[in-house]
Every structure is written in C-alpha cells, then in structure tokens.
1. Could you please tell me which pairs satisfy a Cβ distance under 6 Å, a separation of 6+ or placement on different chains, a first residue in the stretch 285-300 that is closer than 24 Å to residue 27 by Cα, and a second residue that is surrounded by fewer than 17 Cβ atoms within 10 Å (Cβ to Cβ)?
2. Can you tell me how many residues in the stretch 161-171 are within 17 Å of residue 29 (Cβ to Cβ) and either assigned to a loop (DSSP other than H, G, I, E, B) or at pLDDT below 95 (or both)?
3. With surrounded by 15 or more Cβ atoms within 10 Å (Cβ to Cβ), in contact with a helix residue (DSSP H, G or I) (Cβ under 6 Å, 6 or more places away or on another chain) and at pLDDT 95 or above as the only criterion, which of 8, 65, 49 stands out?
4. Which of the residues spanning the stretch 172-221 are touching a strand residue (DSSP E or B) at 6+ places or on another chain (Cβ under 8 Å) and not in a helix (DSSP H, G or I)?
5. Which is free of Cβ contacts under 8 Å to residues at least 24 places away in the same chain and either under 22 Å from the mean Cα position of the chain (by Cα) or more than 30 Å from residue 346 (Cβ to Cβ) (or both), of 180, 158, 150?
6. Looking at the stretch 340-349, can you tell me whether even one residue there is more than 21 Å from residue 135 (Cβ to Cβ), at pLDDT below 95 and buried (at least 20 other Cβ atoms within 10 Å of the Cβ)?
7. Would you call residue 295 part of a loop (DSSP other than H, G, I, E, B) and in contact with a strand residue (DSSP E or B) (Cβ under 6 Å, 6 or more places away or on another chain)?
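The values are calculated or read from the model by the stated rules, or taken from the named source; none is laboratory data. None of these values were measured; they are calculated from a predicted model. With ideal geometry, Cβ positions are generated from the backbone for all residues, glycine too; neighbour counts draw on all protein chains shown.
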C-alpha cells in the first residue's frame, strides 16, 4: 500500500505543548495522522530529531508513525536556523524511504520549512502530489508588525511564495487565510481549499467548574485563563496591562487569578516567561498571576472548565485553537479580532472580540 508522508520538520507532534515552537500545529498534525490511520491509510510523519534518546520510529496509532530524521544538532533549534539543515533532512527522508521500500502517494507539508522539503521530495519521488498548509504566513506577520524586531527573515517570505506556486493544493484554515495566500503569495485560488481546524469533542467537553477548580487547587473567586506559548505575538503583555487597569479601577472582584498554561518546562530557559513575570510585578498584579508552565493536552480541558473566562489576546492568530478548545468545554472567550479568531468566534454569540493591542478594550471586556 502506498503511504502518505506528512512533513513537520521543525516541531514534532509528540513534543510537550506550550514551548517556544510547540502548540496548535503539533496537535493538528498528530490528529490528522491518527485519523488518516484510522481510515486504513498508512501515514509517516517526518520530523527533525531533537534528542538522541527517542527511537527513530514511534507509533502514533493504528497505521500512523512519527519518523525522526537526524539533521543538524539533536536539540531544539529556532526555525530560521534549520534552513542550513534542509538538505540533510531531505536526504534522511529519502534514505528512510529507500530502506523501508515505501512508496508515497501524497506529501503533505506543514509550515514553510516543511513545504520546501515536500516540493523537493516530490521531485525526487517522481512527481508525487503535494498538499501544503502554512499554519501561519511570515509575510502576514511582517505586514502586521509594529516593530522591526517582529519581522521574519526574507528567506521565509520568498520560500512561502515558492511553495505556494509549486504545491498542487493548499489548505487554508479560514477564508481570510485563503485571501491572504492569494494577495501576499500569489497563490492560485483554484488550488486553495478552506478546511477549518477541528477539535476533539470527546476530550474537550463541558464539565463541572467547581469540581475542576477543586482538582486543580484553584480557590480564587474569578479565574482567568490563557493557554499557549508565552511569545510576544500572543499578547500576554497587553493582558497584564489590562489586569493592571482593572486593579487600578477597583475591579469589583477582589480575588482574581490569571492562570497561564504554557512555556518551557525549564523556566530558567524561558526568557519570555521570566520577562512577563517581571512585567506583572512591575504593574502590581504579580499576586494575581500564576504561571503554570506547560501541560499535556489531556490536562487542558480541566483548565478550560475551571475558567470564568479564556483570554486569547493575540496580535495575530491564523486560527486560534485555544479559543475553539475553550468553547468546546463551555468556557466564555474574549479574544482579539485578528486572523482566524474573527472567523472562529461570533462576536456577542460565542464570545467577545476586541481590537488587538488594546488593553483598555480588553479590560472592559473582562469586566
């Protein structure tokens, strides 16, 4: 049987969530692979090996496996630095394919780096069709950036345009992303399909708030929740500023707790979390904030059920998986009116949307 090859070069679906390069994409790739396997297909997810302690091939479920390819240092590396190891990764996948006697009917790239890998492997494998999902576009990040420090490298922008031109089909998570692919990358809209991301409703489902808080040891009167990477683009500093404004305005609920789930397991290596902790102290809301660090996906529903509000204050978000997970658990959501969040959330119906980077509007929505 011919196989499907999923390329997730820079991040592994088995990785702990909430780190600098892990989040919704990891969950998405893993779930797509598992569900394709359950349909009777054989699926290999190729990812760069980041530790020598993990076996080369790790089962994901029936018919699906993760294949770790050694390319460059076996440790986490920022995506922009992986470009130098692309050829080694491509050669590694080709070697695995040859030794396993595998034939691939389709290659599915995830993120721009994986797209470069997919189009080159397709050429080497004799013209195998390529499906690409970017998850986030660097050119859009640059267009929205308010500071040059937020810009992504030009090599990424050029690579996105190249992959968009060569892929047989492109998956967009929202109608907005589909339009951005055409506008910024020159993608042929006849080759772009809008397929919204889903959520596992067997895992993410409503439950008792009281019981969830008891199990998590949360005894605050008012629990706010943020789930995701503590990266600048996620808007956590704006959220802390909104909390400070609420406190200064004499917020009616005196017992408030903001629970932040995400970040590196080793806080000593998590510069952004340390910076945000210092910002919270400077703003006078340090006692309101609880940095929990990363949690495995099966633990997340309990946090959503425990929350009065789930906050997604991102400056940009291609889709916004945390908002969807929160809604599936019955949590109220306040999010920025950006990217996929503007489509995922019906303002005033399934949540509240506020302008990005606006702590005044965010504070008003929370209050």
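1. Here the result reads 294/16; 294/265, each pair linking the stretch 285-300 to a residue that is surrounded by fewer than 17 Cβ atoms within 10 Å (Cβ to Cβ).
2. Kept after step one, since they are within 17 Å of residue 29 (Cβ to Cβ), are these residues of the stretch 161-171: 163, 167, 169-171.
Filter once more, keeping what is either assigned to a loop (DSSP other than H, G, I, E, B) or at pLDDT below 95 (or both): 167.
Final tally of qualifying residues: 1.
3. Details: 65 fails: in contact with a helix residue (DSSP H, G or I) (Cβ under 6 Å, 6 or more places away or on another chain); 49 fails: in contact with a helix residue (DSSP H, G or I) (Cβ under 6 Å, 6 or more places away or on another chain).
Of the residues listed, the single one that is surrounded by 15 or more Cβ atoms within 10 Å (Cβ to Cβ), in contact with a helix residue (DSSP H, G or I) (Cβ under 6 Å, 6 or more places away or on another chain) and at pLDDT 95 or above is 8.
4. Within the stretch 172-221, 172, 173, 174, 187, 192, 193, 194, 195, 218, 220, 221 meet the criteria.
5. On the way: 180 fails: free of Cβ contacts under 8 Å to residues at least 24 places away in the same chain; 150 fails: free of Cβ contacts under 8 Å to residues at least 24 places away in the same chain.
Every option except 158 fails the conditions.
6. no
7. Yes, satisfied.
Results for (1) within 26 Å of residue 151 (Cα to Cα); (2) in contact with a strand residue (DSSP E or B) (Cβ under 9 Å, 6 or more places away or on another chain); (3) part of a loop (DSSP other than H, G, I, E, B); (4) touching a residue at least 12 places away in the same chain (Cβ under 8 Å), shown as yes or no for each residue.
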residue: 36; (1), (2), (3), (4): no, yes, no, yes
residue: 74; (1), (2), (3), (4): no, yes, yes, yes
residue: 94; (1), (2), (3), (4): no, no, no, yes
residue: 108; (1), (2), (3), (4): no, yes, no, yes
residue: 139; (1), (2), (3), (4): yes, no, no, yes
